[in-house]
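Each value in this text was obtained by applying a stated rule to the coordinates, not by laboratory testing. Keep in mind that what you see is a predicted model, and the values were worked out from it rather than measured. Glycine gets a Cβ as well: all are built from the backbone with ideal geometry, and neighbour counts include every protein chain shown.
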Amino acid sequence: MQLGDILDDVSIDVATSSLEIDRVEIDSRVCGPGALFFAMPGTKKHGVAYAREAVALGAECVVGDVSASLDAPVVVVPSSQLPALLSHASATLTGHPETRATLVGVTGTNGKTSVTTILASLARALEWNASSIGTLTNERTTPAPPELYRTLASMVAGFDATRAQSLIALEVSSHALDQHRVDGLRFCVAAFTNLSHDHLDYHGTMEQYFETKASLFTSEFAKRAVVWVDDPYGERLAGLTTLPVTRVSRGDVHDVMNSLRGSTFFWRDHLVNSPLVGDYNVDNALMAMSIMSAMGVDDAEIANAMREVTSVPGRFDVMYGRDITVIVDYAHTPEGLERLLRDVRSLQPEGRVITVFGAGGDRDRSKRPEMGRLATQLSDVTIVTSDNPRSEAPDDIIDAVMSGCVSDAQVVRESDRRRAIGLALEKASTGDVVVIAGKGHEATQTVGDVVLPFDDRAVAKELLR
């Protein structure tokens, strides 16, 4: 496609306009012939610093908000227009895949992955085309526009053309909203799960964090809202948004019965049999069902289809061995960890709870002591270990976590995550539950600049054998 057709609202000369472009990139390292490189402002360095590398690798043109002397044309636009232009260029070059499926955007601190994955599974059970984009599918929770639109295009291309309905559920992070990654998308439904302590290293305050999340719930982005109102921020959001709102609460269900095999409950006078494990997955299922209902699907059909919904990888993954139960979960915030451990205790009240967890490096440091406090209050034995330490020293992160541990708790520190899991399994007796929290579905561990293969589920299964 010619550049003039991609940047149709930008004034460029004839020669530049006739350049043939086959992809948009914001990472100079992956540029090549046919690439259009967008030099985006960064938190540490401006993308224009990498423009020369992009051109050297074959980029046909550079678009940015500052000029540069390069061996390729440079198109300069105002900073305020750059994010929207990036989205527009990405969408145009991929054939506007966002128009060929119903989009649902889910935001919140905890539950985004579970709700989007359950929603897509529920839609497939209802014989829709459906998929989800987020933590399980891409490196970033919400990809930048070039990757996002390529992912959308790939998904819609794989859909069955004979099916009448297509849905893509997208996790929308606060970073993505602040960095305008979803500009240009129009969601049929915007959904809110909850808001709790996380990402304050980026947003600064809970108020700013909330305001960023709330920006999704405007007519610019969505037609209607589905909001979990048992959360105080959700209740506040439901009152603030001008969108039509479906208010969702745990009071919408009754006669809930949970086990390590799944759950049953009544929703809108319909019996729901769900294979999803954990009390918090009742809430996640409730959000997914309410979203489908808000889109006009019959409630009885939704309730019946829930029996076919598949579990979410790395979320309350249950495995057994030697008369003990092992649960692997992605819980990595204070609220997520508390909810997980309370669920575990209610499902297995007789045995001890032995928890293995850590905290990620180069992320919100203020939540670490709180996670230490909650883990030691709600566990019989706590083993504090490494998560993804990234550039930080693992022992420094562990020190911060342990500074919040309750004084009379049984706590062990073991920075090697594999040894920590092994130690937990050694300590477990018949009827005990070992909880491995923080990484869930992740199959790698980042230490410094090195990404190592490490999967909590695989390690636990191996050591159980």
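Here are some notes:
- Of all DSSP bridge pairs formed entirely within region 314-383, close to 60 percent run antiparallel.
- Secondary structure note: in region 30-170, about 0% of the DSSP beta bridges are antiparallel.
- If you plug the beta carbon distance of Leu452 and Val256 into 1/(1 + (r/R0)^6) with R0 = 35 Å, you get a FRET efficiency near 0.30.
- Placing R0 at 30 angstrom, the Cβ-Cβ distance between His197 and His96 gives a FRET efficiency of 0.20 after rounding to 0.05.
- Helical contribution to [θ] at 222 nm, DSSP H n ≥ 4, -39,500 (n - 2.57), averaged over the chain, rounded to 500: -9500 deg cm²/dmol
- Radius 14 Å from Cβ of Asp183, net charge of other residues (Lys, Arg +1; Asp, Glu -1): -1
- Approximate spin-label separation Glu20-Asp380, in nm, with each point projected 7 Å along Cα-to-Cβ: 6.9
- In a fully extended conformation the segment linking Glu53 and Glu350 would gain 100.8 nm over its present Cα-Cα distance, using 0.36 nm per residue.
- Extension gain, Met1-Val30: 0.36 nm per intervening residue step, less the Cα-Cα distance, totals 8.5 nm.
- Each of the peptides 224-234, 410-420, 113-123 was scored by the mean count of other Cβ atoms within 10 Å over its residues; in descending order, highest first, they stand as 113-123, 224-234, 410-420.
- Spatially near lysine pairs across the chain, Cα under 17 Å, sequence gap of 8 or more or different chains: 6
- Relative contact order, percent, the chain [alpha-carbon distance under 8 Å, six or more residues apart]: 11
- Long-range HN-HN contacts of Val412 with modeled amide H, under 5 Å: Thr382, Ile383, Val384
- The Cα center of region 191-218 and the Cα center of region 427-465 differ in position by 30 Å.
- Distance cut-off 27 Å, percentage of C-alpha pairs in region 97-308 lying past it: 27
- Neighbour-limited loop hits for GluC sites (Glu not before Pro), region 167-234 (at most 14 other Cβ within 10 Å; DSSP other than H, G, I, E, B): Glu220
- Looking at the chain alone, DSSP beta bridges between its own residues are antiparallel in about 30 percent of cases.
- Cβ-Cβ FRET estimate between Arg236 and His180, R0 fixed at 22 Å, reported to 0.05: 0.40
- Sparse-neighbourhood loop sites, GluC sites (Glu not before Pro) in region 251-352 - DSSP loop, at most 14 other Cβ within 10 angstrom: Glu350
- Label-point gap, in nm, between Ala164 and Ala300 - each point 7 angstrom along Cα→Cβ: 1.7
- DSSP-loop trypsin sites (Lys or Arg not before Pro) across region 33-62, with at most 13 other Cβ within 10 angstrom: Lys44, Lys45
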